[in-house]
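The values are calculated or read from the model by the stated rules, or taken from the named source; none is laboratory data. What you see is a predicted model, and the numbers here were worked out from it, not measured in a lab. No Cβ is skipped: glycine too gets one built from the backbone with ideal geometry, and neighbour counts run over all protein chains shown. Heads up: the accessible areas ignore ligands, DNA and RNA and are worked out on the full protein's heavy atoms, side chains in. Shrake-Rupley method; radii C 1.70, N 1.55, O 1.52, S 1.80 Å.
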Amino acid sequence: MRYIKGEAFKYLCMAATVIALMLLALLMWDAWDKGAGWLSLKFLNSFPSRFPEQAGIKSALWGSIWLMILTAIISIPLGVGAAIYLEEYARRTWLTRIIEINISNLAGVPSIVYGILGLALFVRGLMLGRSLLAGALTMALLILPIIIISSQEAIRAVPKSIREASYALGSTKWQTVRHHVLPAALPGILTGNILSLSRAMGEAAPLIMIGALTFIAFTPAGPFDPFTALPIQIFNWASRPKAEFQFLAAAGILVLLALLLAMNAAAIIIRNKYQRYIKW
Amino acid sequence: MTEAIHTTNLNAWYGKTHALKNIDMTVENNKITAIIGPSGCGKSTFIRCLNRMNDLIDGFSTEGEILIRGKDIKDTDPVALRKKIGMVFQKPNPFPKSIYENIAYGPRIHGINKRELDSIVESSLKKAALWNEVKDRLNDNAMELSGGQQQRLCIARALAVGPEIILFDEPCSALDPISASKIEDLMIDLKEKYTIVIVTHNMQQAARVSDSTAFFLMGEMIEFGDTKQIFKKPREKSTEDYITGRFG
Ligand SMILES: Nc1ncnc2c1ncn2[C@@H]1O[C@H](COP(=O)(O)OP(=O)(O)OP(=O)(O)O)[C@@H](O)[C@H]1O
Ligand SMILES: [Mg+2]
């Protein structure tokens, strides 16, 4: 009987996996079926337009790339710094525990809430307007908890014995962190950061909330320019009645998926490359 | 001065766990002092007090006095203290870097000139009886060495910063008998220049290499004396029970 239950559970899990994969495949096939015909260099290189045949994704693509880079510049130093502090410097007191619990809770807050915060804090409070910088700051807030948590995990995975070896030679804390802990944790930290950034890449809600524009016929030239991003452009096209715009939306989804896949692939390559060298 | 280490009334706690109770012990210069006792009796805690390694553990506290060559370690910066007192751990823990880098790291952070590093690496590896095995592959990753070689590398790494005292915490327990005996020979060579404290579970090893032996039990030092005396004519019943294998 116990054996039968075990087997049944196994097949149930398998069925769940297969259903999930099939749904994913269905979605991809749908996007491919509708959008592939519309993909072209011209599509990547044109600005949005009222006329579907002339419309392209250039401003959204560049907006997303700008947004990604600015978000990375803001969130990675902050997040990794916080993770180093929490793991290596802070003593385990009730205060650090409360901080850590709150960071995990923040990771679960819906992205629209970050949008509201960004609107109040950056767009209005700091008077950054609907600029790239306001968007990047909002996205940075959104992914900061994930960056901190994944970096903490990577740092925690560095064995205690390496720290002890370093301290026993008379290294200071900073030397130990700088020369041993960080290099060993770096692949894990990078992987986590890239995955967090790819999460930010796919988010539309907070950007809509802070009022990123949908119709922008230029690429941003600096962090204070207005912008649009891929998910917003896709959302905009998808909400239009004309059938051609649905195809444009599908093509936009393909571009976004390609970018996300590339980022995830980079994360996997980094992880595998370093795992070969570091075995404890 | 013949005293390298002197502890008076040393007590240690992990939070509320009282791990060391009133330890009075003297370690003499250029001698090997062994610490034996059943698991959990506080051997590691004791030697990790000496180089203030346990200060890194949250909730750890000590009372009493530890003098290293007459100087209270509370008045010494832990970083400077650990340069003077090297440590070798139970499980070999080389850095995941080249053999050369493993040895050169310590001297480098203490500001040794680049030009001197080559000769320090060579002499340290020679002292640790590893030079001949690795001299042609100094740039290979240290993780590729065998366990016994890794442990000798860790000894060489400790020697490279020029310590006066070296603490060994069960340095052979993860090694095969041949590697273990190499490390024992090495320790006997090293005592000419260094003072050594070794924690071991292996009675024969303690008897073979050490000059004095301390027997710990449940955080207390039950007996401390000349190794021959401890193994031939222990004063305490519990010491005798332990070394004859009746418990622990
Ligand atoms: N990091 C720690 N936190 C809390 N308690 C600890 C810690 N390390 C050791 N202890 C406790 O202190 C006591 C002494 O431990 P210690 O490691 O010194 O024993 P040991 O003699 O070295 O044992 P072994 O031979 O197994 O290595 C034990 O009761 C142990 O549970
Ligand atoms: Mg121990």
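Values as computed for the structure displayed
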{"read-out": "Subset of the range A:147-181 that is small (Gly, Ala, Ser) and more than 10 Å from every other protein chain (Cβ to nearest Cβ) - its residue that is surrounded by the most Cβ atoms within 10 Å (Cβ to Cβ)", "value": "A:151"}
{"read-out": "Checklist (1) in contact (Cβ under 8 Å) with a residue 60 or more places away in the chain; (2) in a loop (DSSP other than H, G, I, E, B); (3) more than 11 Å from chain A (Cβ to nearest Cβ) applied to residue B:112, failing item", "value": "(1)"}
{"read-out": "The range A:223-241: number of residues that are of a type in the set (D, E, K, R) and open to solvent by less than 50 Å² (accessible area, probe 1.4 Å)", "value": "1"}
{"read-out": "Residue list for the range A:205-222, restricted to those being within 26 Å of residue A:77 (Cβ to Cβ) and open to solvent by less than 40 Å² (accessible area, probe 1.4 Å)", "value": "A:205, A:206, A:207, A:210, A:212, A:220, A:222"}
{"read-out": "Among residues of the range B:58-67, those that are touching a strand residue (DSSP E or B) at 6+ places or on another chain (Cβ under 8 Å) and within 14 Å of chain A (Cβ to nearest Cβ), counted", "value": "3"}
{"read-out": "Breaking point among (1) assigned to a helix (DSSP H, G or I); (2) modelled with pLDDT under 90, for residue A:177", "value": "(2)"}
{"read-out": "Residue match in the range B:119-138 (condition: modelled with pLDDT of 90 or more, open to solvent by 60 Å² or more (accessible area, probe 1.4 Å), out of contact with any helix residue (DSSP H, G or I) (no Cβ under 8 Å at 6 or more places or on another chain) and within 16 Å of ligand 2 (Cβ to nearest atom))", "value": "no"}
{"read-out": "Test: residue in the range B:73-86 that is at the interface with chain A (Cβ under 9 Å from one of its Cβ atoms) and either part of a strand (DSSP E or B) or within 16 Å of ligand 2 (Cβ to nearest atom) (or both)", "value": "yes"}
{"read-out": "Search result, residues across the range B:71-97 that are open to solvent by 80 Å² or more (accessible area, probe 1.4 Å) and in contact with a strand residue (DSSP E or B) (Cβ under 7 Å, 6 or more places away or on another chain)", "value": "B:90"}
{"read-out": "Test: residue in the range B:163-176 that is farther than 18 Å from residue A:167 by Cβ, in a loop (DSSP other than H, G, I, E, B), away from every other protein chain (no Cβ under 12 Å) and of a type in the set (A, V, I, L, M, F, W, C)", "value": "yes"}
{"read-out": "Selection count where residues are within 16 Å of ligand 2 (Cβ to nearest atom), open to solvent by 60 Å² or more (accessible area, probe 1.4 Å) and more than 14 Å from chain A (Cβ to nearest Cβ), scope the range B:1-55", "value": "3"}
{"read-out": "Filter result for the condition that a residue is touching a residue at least 12 places away in the same chain (Cβ under 8 Å) and away from ligand 1 (no atom under 16 Å from the Cβ), over B:19, B:4", "value": "B:4"}
{"read-out": "Residue match in the range A:248-261 (condition: more than 14 Å from chain B (Cβ to nearest Cβ), more than 15 Å from the chain's Cα centre (by Cα) and open to solvent by 40 Å² or more (accessible area, probe 1.4 Å))", "value": "yes"}
{"read-out": "Matching residues in the range B:87-99 - criterion: being assigned to a strand (DSSP E or B) and either away from ligand 2 (no atom under 16 Å from the Cβ) or farther than 19 Å from residue B:197 by Cβ (or both)", "value": "B:98"}
